[in-house]
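A quick write-up on the structure given underneath.
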Amino acid sequence: MNFLSHYYFDRDTDNCYFVLGTVLPDLLKNADKNVILHPEKLKHTDKNVNHIIAGWNKHLEVDRHFHSDDFFLTHSHQLKKELTPAIVGSPVKPFFLGHIAIELILDNLLITTGEIGINEFYDHLDSCQEETITEFLKFAEMKDPEKFLRFYRAFRKSRYLHTYINIDQITYALKRICMRVWPNPFTAGQEASMTTILLNYRLGLMDGFMEVFNSISAKLTLPGKN
C-alpha cells in the first residue's frame, strides 16, 4: 500500500511518531532505494523511538495482508491487462505497473471520498522531532541519516500527496516510480493512454474500494498508538 492507504488504518491516532513509523519504510525507499533496515525487534530507551518501531511493524503487517488479499490480486492483475496495450514498446514490466497503479488509485479514492485528510497526515509528520528520527535511524544502523532527513524535509515541504487528487498526477507518480529503474519509461502518448485507463478503472472501483480496507482491518493484530 502507498502512504495514504497506510495512514488510513491509524488516522485516529494522536501519536505522530507511530504515524511516521507506518509510512517510514516507503519514505526510506524513496529517499534511497539501496537502504535496507530491519528494526522490527529493536527496543530503545526512548519511548518515541519505540513508537516509530511499532508503526514500522504495523506497516509490515498491513502490507502482508494487502498483498495476499483477493482485492489486490484481482485488481493488480486486471490493471496489468488493461495497461499492457498502452505501453507497448516501453521497458516497464506490466505486472509492476499494475501493482503500483492499484495502490495509487486507492490513495486517490481515500482523498476524493473524504475517508482521510491529507493535512492531518502532514501535521503528524511536521510534529516529529528530527532528533528522534535521527536517533531511530542510527539505532537501526543507517549510515547516513542526514540523507534521509534532506529528503524528508523536501517531502513535507512539497505537500506532494495533494496532487493525488488528480488522475493525471497519478500517471506522473507512476512515471516517477518507474524512472528509478528505467530512465525513459513512457512516451507522452503512452502517458495519455494510461491516464484514460486509470480514470475509467478508478470510476469502476469507487463504490466498492473500501472492501479491501475493511478486510485488512478485520485481520490486524497490531493496534494503533494513542
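The values are calculated or read from the model by the stated rules, or taken from the named source; none is laboratory data. None of these values were measured; they are calculated from a predicted model. Positions of Cβ are backbone-derived with ideal geometry, glycine not excepted, and every protein chain shown enters the neighbour counts. Surface accessibility is based on the protein's heavy atoms, side chains included, excluding ligands, DNA and RNA. Shrake-Rupley method; radii C 1.70, N 1.55, O 1.52, S 1.80 Å.
Taking the C-alpha atoms of the chain, how large are the radius of gyration and the largest Cα-Cα span, Dmax, in Å?
That works out to 17.6, 54 Å for Rg and Dmax.
Which of these, Asn119, Asn57, Asn30, has the largest mean-square fluctuation under a Gaussian network model of the chain (Cα springs below 10 Å)?
With Cα springs under 10 Å in the chain, the top fluctuation among Asn119, Asn57, Asn30 is at Asn119.
Could you compute the FRET efficiency for Asn214 and Lys147, with r as their C-beta to C-beta distance and R0 at 30 Å, rounded to 0.05?
Computed FRET efficiency for Asn214 and Lys147: 0.20.
For a Förster distance of 25 Å, can you work out the FRET efficiency between the beta-carbons of Thr163 and Leu37, rounded to the nearest 0.05?
Taking R0 as 25 Å, the efficiency between Thr163 and Leu37 is 0.35.
Using each residue's phi in segment 216-223, evaluate 6.51 cos²θ - 1.76 cosθ + 1.60 at θ = phi - 60° and report the 3J(HN,Hα) Karplus result to the nearest Hz, with x for Gly and Pro.
So the Karplus estimates, Gly and Pro as x, are 5, 4, 5, 9, 5, 10, 8, x Hz.
Specify the inter-centroid distance of segment 11-78 and segment 89-122, based on alpha-carbon positions, in whole Å.
Value for the Cα centre distance between the two parts: 16 Å.
If the chain between His67 and Glu115 were fully stretched, how many nm would it gain, using 0.36 nm times the residue separation less the Cα-Cα distance?
Here the answer is 15.1 nm.
Each residue of segment 98-110 in order: what ³J(HN,Hα) in whole Hz does its phi give by Karplus 6.51 cos²θ - 1.76 cosθ + 1.60, θ = phi - 60°, with x for Gly and Pro?
Those phi angles translate into x, 4, 6, 4, 5, 5, 5, 4, 4, 4, 4, 5, 4 Hz.
Tell me the accessible surface of His162 in square angstrom (1.4 angstrom probe, heavy atoms of protein chains only), to the nearest ten.
Around 70 Å² of this residue is reachable by solvent.
Protein chains only, probe 1.4 Å: how do Met210, Met1 rank by accessible area, largest first?
Ranked list, largest accessible area first: Met210, Met1.
Using the Cα centre as the reference, give the magnitude of the dipole from point charges on the C-beta atoms of segment 113-223 (Lys, Arg: +1; Asp, Glu: -1; all else neutral), rounded to the nearest 20 debye.
That gives segment 113-223 a dipole magnitude of about 420 debye.
Positive end of the charge dipole of the chain (Lys, Arg +1 and Asp, Glu -1 on Cβ, about the Cα centre): tell me which of Gly55, Asn200, Tyr152 has its Cα farthest that way.
Tyr152
Can you tell which of Val181, Leu24, Ile36 lies farthest toward the positive end of the dipole of the chain, using +1 and -1 charges on the Cβ of basic and acidic side chains (Lys, Arg; Asp, Glu)?
Val181
Calculate one ³J(HN,Hα) per residue across segment 30-42 by plugging θ = phi - 60° into the Karplus curve 6.51 cos²θ - 1.76 cosθ + 1.60, and present them in order as whole Hz with x for glycine and proline.
Here the 3J(HN,Hα) series is 5, 6, 7, 5, 8, 7, 10, 10, 9, x, 3, 10, 6 Hz.
Looking at segment 142-226, which trypsin sites (Lys or Arg not before Pro) are in a loop (DSSP not H, G, I, E or B) and have at most 15 other Cβ atoms within 10 Å?
Lys143, Arg159, Arg180
Relative contact order, percent, of the chain when contacts are C-alpha pairs under 8 Å separated by at least 6 residues?
Reported as a whole number, the value is 31 percent.
Using a 1.4 Å probe and counting only protein heavy atoms, arrange His38, His99 so the residue with the most accessible area comes first.
His38, His99
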